[in-house]
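Chemist: Pasting in a structure now, in structure tokens, and then I'll have a few things to ask.
The values are calculated or read from the model by the stated rules, or taken from the named source; none is laboratory data. What you see is a predicted model, and the numbers here were worked out from it, not measured in a lab. FYI the Cβ positions are ideal-geometry reconstructions off the backbone, even for glycines, and counts take in every protein chain you see.
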Amino acid sequence: MAEQLPPQVQNQVMRFQELQEQLRLIILRKQQFELELREVEAAYEEANNLSPDTTIYKAVGVLLFKTEKDKVLKELSDRKEELDLRIKTLEKQEARLKQQLEELRKSIATYMSQGSSVAGGS
């Protein structure tokens, strides 16, 4: 059927497929950040509930380093802010892609419902 579609509609279908893949990747990346955010929030809560004199070790690669509670809380707080920002950015990209997909879907559907009479369209 693709051979019967005019080049403009073929391009729209290809663009639609590209946008779907981009959307899938953005949703996947957002889910990964959301999972990491939950882990960071849980670690923050655990660290925050520790007494100030508790010894804390931070994993860096395969090594553990002794550190201070305040430093750990600051690092976790900074990471949480960074993840929140990344998630918000991805949500905006996701919304924009969904809008573009809907516009393309309508355009393709219009052509399909009207048949080949629109072949030379905009």
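Chemist: For ASP78, indicate whether it is surrounded by fewer than 13 Cβ atoms within 10 Å (Cβ to Cβ), more than 21 Å from the chain's Cα centre (by Cα) and not basic (Lys, Arg). Full working, then the answer.
Modeler: Numbers: surrounded by fewer than 13 Cβ atoms within 10 Å (Cβ to Cβ): yes; more than 21 Å from the chain's Cα centre (by Cα): no; not basic (Lys, Arg): yes.
No: the conditions fail for ASP78.
Chemist: Let me ask something else about it. Name the pairs whose Cβ atoms lie under 6 Å apart, with the first residue in the range 61-75 and among the aliphatic types (A, V, I, L, M), the second surrounded by 12 or more Cβ atoms within 10 Å (Cβ to Cβ), and 6 or more positions between them or separate chains?
Modeler: Matching pairs, first to second residue: VAL72/ALA47; VAL72/ILE56; LEU73/ALA47.
Chemist: Any residue at all in the range 77-88 that's part of a helix (DSSP H, G or I), modelled with pLDDT of 95 or more, under 30 Å from SER107 (Cα atoms) and not aliphatic (A, V, I, L, M)?
Modeler: Taking every residue of the range 77-88 in turn, at least one turns out to be part of a helix (DSSP H, G or I), modelled with pLDDT of 95 or more, under 30 Å from SER107 (Cα atoms) and not aliphatic (A, V, I, L, M).
Chemist: Report, by residue number, each residue of the range 1-21 that is exposed (fewer than 15 other Cβ atoms within 10 Å of the Cβ) and under 19 Å from the mean Cα position of the chain (by Cα).
Modeler: Those that are exposed (fewer than 15 other Cβ atoms within 10 Å of the Cβ) and under 19 Å from the mean Cα position of the chain (by Cα): GLN17, GLU18, GLN20, GLU21.
Chemist: Across the range 6-57, what is the number of residues that are outside any helix (DSSP H, G or I) and touching a residue at least 40 places away in the same chain (Cβ under 8 Å)?
Modeler: Here is the first cut: in the range 6-57, the ones outside any helix (DSSP H, G or I) are 6, 49-57.
Now narrow it down to the ones that are touching a residue at least 40 places away in the same chain (Cβ under 8 Å): 6.
Count: 1.
Chemist: Please indicate, with yes or no, whether at least one residue in the range 27-50 is hydrophobic (A, V, I, L, M, F, W, C) and closer than 30 Å to ILE108 by Cα.
Modeler: Narrowing the range 27-50 to residues hydrophobic (A, V, I, L, M, F, W, C): 27-28, 33, 35, 37, 40, 42-43, 47, 50.
Next cut, closer than 30 Å to ILE108 by Cα only: 27-28.
Yes, the range 27-50 contains a residue that is hydrophobic (A, V, I, L, M, F, W, C) and closer than 30 Å to ILE108 by Cα.
Per-residue answers, yes or no, for (1) within 30 Å of MET112 (Cα to Cα); (2) out of contact with any Asp or Glu (no Cβ under 9 Å at 6 or more places or on another chain); (3) not basic (Lys, Arg):
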{"residue": "GLU18", "(1), (2), (3)": "yes, yes, yes"}
{"residue": "GLU39", "(1), (2), (3)": "no, yes, yes"}
{"residue": "VAL62", "(1), (2), (3)": "no, yes, yes"}
{"residue": "THR67", "(1), (2), (3)": "no, no, yes"}
{"residue": "LYS71", "(1), (2), (3)": "no, yes, no"}
